[in-house]
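This report refers to the structure that appears directly beneath it.
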Amino acid sequence: MNAVVGAVSAIFHPLRRDHAERLPFKVELGPYRLAVEMREPERMLDRRRRSCINIEGQRIELRHDLQGLKLAETFLHVLVRLCHYSRGCQQGCVEEAYTHSLATGMVEFAQRNPRAWVWFNLLLHEHLPFDAHYDLAVCGAVPVPPPMPERVRVAGRHVPVRRLTRAQTGNAYGWYDFGRREVQLFEGLTGANVAIVAMHEITHALHHAQGLRVRDRERHFIRAQHKGWLDIVTRDPVTWRWLAWCMSFPAKASVA
């Protein structure tokens, strides 16, 4: 375990320079392959923002003075936006499309971008006020797989997570029960579907808590997803540790 932690730390610590011109990884999502760069505001596509997705320049631009949790928060916002952009999910799409676009996009990001994925989770671990150990989870340096959470923090309240039998789910892999405010997952889920379906149903819960409509504004979906998942990764370590591990090791993941 110490060797893995050392290797991960070696990846992270050189990235902590406040004014690093380029982070040593790219992000691949959908058809896009974008460099990640720290830039002064006057050199960004939009100097008013903390981050820009510059498709023509083939880069993700992050404001040069970002660090710690502000950097993690901003990078998560970029990921949410890029998930939807890379899948053609835009203004006019329905809530179900925004939900599945985020879930599949985040799982794809974790699997196609292991260096960026480790960096993001280690950045969180380094700056959260508790021992999240997200870095160990995504590297597999944990003695046993993290357990599936019994509840998820959504908008300050706990939403139960319940396993369902095939008879209860029919042909579905999972549900979000709006009446019960409950996430329900098929007990036979395995592989990449574990993280995709879990993130999908939890995102429904986030939308519900924010009062989003089936046809809502794109910025409302992005804001709700960013705010909701940021709250989970910073305040619900049991849920994020499990999901992050499932994304990293889909061949070993299961609900049972």
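The values are calculated or read from the model by the stated rules, or taken from the named source; none is laboratory data. Treat the numbers as computed from the prediction; the structure is a model and nothing was measured. Neighbour counts are summed over all protein chains in view; Cβ atoms, including those assigned to glycine, are modelled from backbone coordinates with ideal geometry. These area figures cover heavy atoms from the full protein model, side chains too; ligands, DNA and RNA do not enter into them. Shrake-Rupley method; radii C 1.70, N 1.55, O 1.52, S 1.80 Å.
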Semi-axes of the stretch 40-190 from the Cα gyration tensor (sqrt of 5 times each eigenvalue, largest first, whole Å) come to 31, 22, 15
Here the equivalent ellipsoid of the stretch 108-252, derived from its Cα gyration tensor, has semi-axes (largest first, whole Å) of 24, 20, 14
Once normalised by the length of the chain, the mean sequence separation of its alpha carbon contacts under 8 Å that are 6 or more apart gives a contact order in percent of 19 percent
Cα-Cα pairs in the stretch 86-129 separated by more than 15 Å, as a whole percent of all pairs, come to 55 percent
Taking only the alpha carbons of the stretch 180-256, the radius of gyration and the largest Cα-Cα distance, Dmax, both in angstrom, are 13.3, 37
Across PRO114, PRO129, PRO149, the residue with the highest GNM fluctuation in the chain (Cα network, 10 Å cutoff) is PRO129
Of all DSSP beta bridges having both residues in the stretch 58-185, the percent classed as antiparallel (nearest 5) is 75 percent
Mean projected area (nm²) from the convex hull of Cα positions in the stretch 155-206 is 3.5 nm²
Cα-based Rg then Dmax for the stretch 73-160, in Å, read 15.0, 45
Counting only residues 5 or more apart in sequence or on a different chain, those whose built amide H sits under 5 Å from that of MET38 are ARG22, LEU23, LEU62
Of GLU126, GLU182, GLU42, the most mobile residue in a GNM of the chain (C-alpha springs, cutoff 10 Å) is GLU42
Low-density loop trypsin sites (Lys or Arg not before Pro), the stretch 149-218, at most 16 other Cβ within 10 Å, DSSP non-H/G/I/E/B, are ARG180, ARG181, ARG213, ARG215, ARG217
Rounded to a whole %, the carbon-and-sulfur portion of the accessible area of the stretch 159-221 at a 1.4 Å probe is 48 percent
In terms of the alpha carbon gyration tensor, root eigenvalues a ≥ b ≥ c, rounded if a/c is under 1.5 and otherwise prolate when a/b exceeds b/c or oblate, the chain is oblate
